[in-house]
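Worksheet: one structure, shown below.
The values are calculated or read from the model by the stated rules, or taken from the named source; none is laboratory data. All of these numbers come straight from a predicted model, not from anything done at the bench. Heads up, the Cβs are rebuilt from the backbone with ideal geometry, glycines too, and the neighbour counts pull from every protein chain shown.
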Amino acid sequence: MLVVMHASASTSDIDRVCVAISAMGFQPLPMPGAQRTTVGLVGNDRRVDGSHIEALPGVAEIIYVSSPFKQVSREWRAENTTVTIAPGVTFGGRDVPVIAGPCSVESESQILAAAFAVRAAGAVALRGGAFKPRSSPYSFQGMGKEGLALLQRAKQETGLAIVTEAMDDDGAHLVAEYADCIQIGARNMQNYSLLKTVGKLRKPVMLKRGMAATVQELLLSAEYILSEGNDQVILCERGVRTWDPSSRNMFDLNAIPTVQKLSHLPMIADPSHGTGVRDRVSPMARAAVAAGADGLLIEVHPDPNKAFSDGAQSLFPQQFADLMGELHAIASAIGRHVAVLPATP
Ligand code: PEP
Ligand code: MN
């Protein structure tokens, strides 16, 4: 439930509404807006009767949020939420930031080469997993803490923001020390304990859609993070399971405008996992920007044929540089702008 205050409501009017909500056993969440303040009632509000709150001074109206996700919905907040992961790297505004880098951090020379290459091509953030959720326990599992230290080194050298995955509660605290944005992978989209943990951390989170998750399930997972007090959440389409063996996943372009209509959170696209095949990545990246994606996540490796993971979908640095040139043109055609970092770190 949302209590919309009159533009003329005083601080004591707002306080009175908060006290009334607390007295009902719910948590009040005041949200000052450009025109007026709204106060959210957080918790399972299905049986709440807000009529006595409606009668309080300064209250304009009560809105019962009809969608199953509350704080994530456009009903809760009409304007886009912007998520700034580092100075100049903001998702959800006019800018379209591009996050790029290898699937996994493999060595110092590999991650530095990747970082310099994607930086030179115009990426604003570096990706690379130090903790890897692999389908097989015998596949490369990532370099762990050492990998995080290498990402930190790459950040110092290039000025790129860092986006990297956390797989469990302990890992989330560790990753939060190194990353500018914590990635929650497709396999963990419904790991509710992990979602609550990152909801308590005051760090931006990038939540990837599960490989067989509906848009509603994605938004409900995001709700777990917001319900713990963290609204700095970026959503990511990364393809869904398909019956068709011609690609690894089916990239759901449709999810971009669908999520943007239902939610105020930024929605970015990962055409690398979304297709799983290198020659499809650039066409789908271009399409995602044209469809209004609030950013991109792209796997780029200095030597994809030697990659420890996801080499088949990783772009060569030159392919990535060519793509970035095309993205600038597409973004400007729809009144947006591919984010850029200042010339030298
Ligand atoms: C990744 O980003 O490398 C990754 C493992 O992605 P996903 O969780 O979407 O499979
Ligand atoms: Mn990968």
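Hey, could you check region 284-313 for residues that are part of a helix (DSSP H, G or I) and within 16 Å of ligand 2 (Cβ to nearest atom) and say which is surrounded by the most Cβ atoms within 10 Å (Cβ to Cβ)?
ALA285
Starting from region 102-127, keep only residues that are within 11 Å of THR158 (Cβ to Cβ), then list their pairs with residues that are aromatic (Phe, Trp, Tyr) whose Cβ atoms are within a distance under 9 Å, requiring at least 6 positions of separation or different chains.
ALA117/PHE320; VAL118/PHE320; ALA123/PHE320
For THR242, are the conditions met, namely being free of Cβ contacts under 8 Å to residues at least 24 places away in the same chain and in contact with a strand residue (DSSP E or B) (Cβ under 8 Å, 6 or more places away or on another chain)?
Yes; evaluated as a whole, the condition is true for this residue.
For region 288-308, how many residues are touching a residue at least 12 places away in the same chain (Cβ under 8 Å) and touching a Gly at 6+ places or on another chain (Cβ under 8 Å)?
So the answer is 5.
How about region 82-102: which of its residues are in a loop (DSSP other than H, G, I, E, B) and either touching a helix residue (DSSP H, G or I) at 6+ places or on another chain (Cβ under 8 Å) or surrounded by fewer than 24 Cβ atoms within 10 Å (Cβ to Cβ) (or both)?
Within region 82-102, THR82, PRO87, GLY88, GLY92, GLY93, ARG94, PRO102 meet the criteria.
Within region 323-330, is there a residue that is surrounded by 15 or more Cβ atoms within 10 Å (Cβ to Cβ) and of a type in the set (Gly, Ala, Ser)?
no
Tell me which of these SER12 doesn't satisfy, since it passes every other one: (1) of a type in the set (Gly, Ala, Ser); (2) within 33 Å of the chain's Cα centre (by Cα); (3) not assigned by TED's automatic domain parsing to the domain that holds GLU228.
(2)
Only one of (1) out of contact with any Asp or Glu (no Cβ under 9 Å at 6 or more places or on another chain); (2) closer than 24 Å to LEU341 by Cβ; (3) of a type outside the set (Lys, Arg); (4) in contact (Cβ under 8 Å) with a residue 12 or more places away in the chain fails for GLU146. Which number is that?
Result: GLU146 fails condition (2) only.
I'm checking my understanding of the structure. Among residues of region 194-220 that are out of contact with any Lys or Arg (no Cβ under 9 Å at 6 or more places or on another chain) and among the small types (Gly, Ala, Ser), which one is surrounded by the most Cβ atoms within 10 Å (Cβ to Cβ)?
Out of the qualifying residues, it is GLY199.
Under 9 Å between Cβ atoms, which residue pairs at least 6 apart in sequence (or on different chains) link something in region 176-192 that is surrounded by fewer than 21 Cβ atoms within 10 Å (Cβ to Cβ) with a partner that is of a type in the set (Phe, Trp, Tyr)?
Listed pairs, sorted by first residue: TYR192/TYR224.
Okay, residues lined up against (1) closer than 17 Å to ILE234 by Cα; (2) out of contact with any Phe, Trp or Tyr (no Cβ under 8 Å at 6 or more places or on another chain):
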| residue | (1), (2) |
| --- | --- |
| PRO102 | no, yes |
| VAL118 | no, no |
| ARG127 | yes, yes |
| LYS145 | no, yes |
| GLN156 | no, yes |
| VAL163 | yes, yes |
| ALA179 | yes, yes |
| LYS196 | yes, no |
| GLY199 | yes, no |
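Taking region 234-283, which residues are part of a helix (DSSP H, G or I) and within 14 Å of ligand 1 (Cβ to nearest atom)?
ALA255, PRO271, SER272, HIS273, GLY274, THR275, VAL281
Determine, yes or no, whether VAL72 is more than 23 Å from the chain's Cα centre (by Cα) and outside the structural domain of ALA321 (by TED's automatic domain parsing).
Numbers: more than 23 Å from the chain's Cα centre (by Cα): no; outside the structural domain of ALA321 (by TED's automatic domain parsing): yes.
Taking the combined requirement at face value, the residue does not satisfy it.
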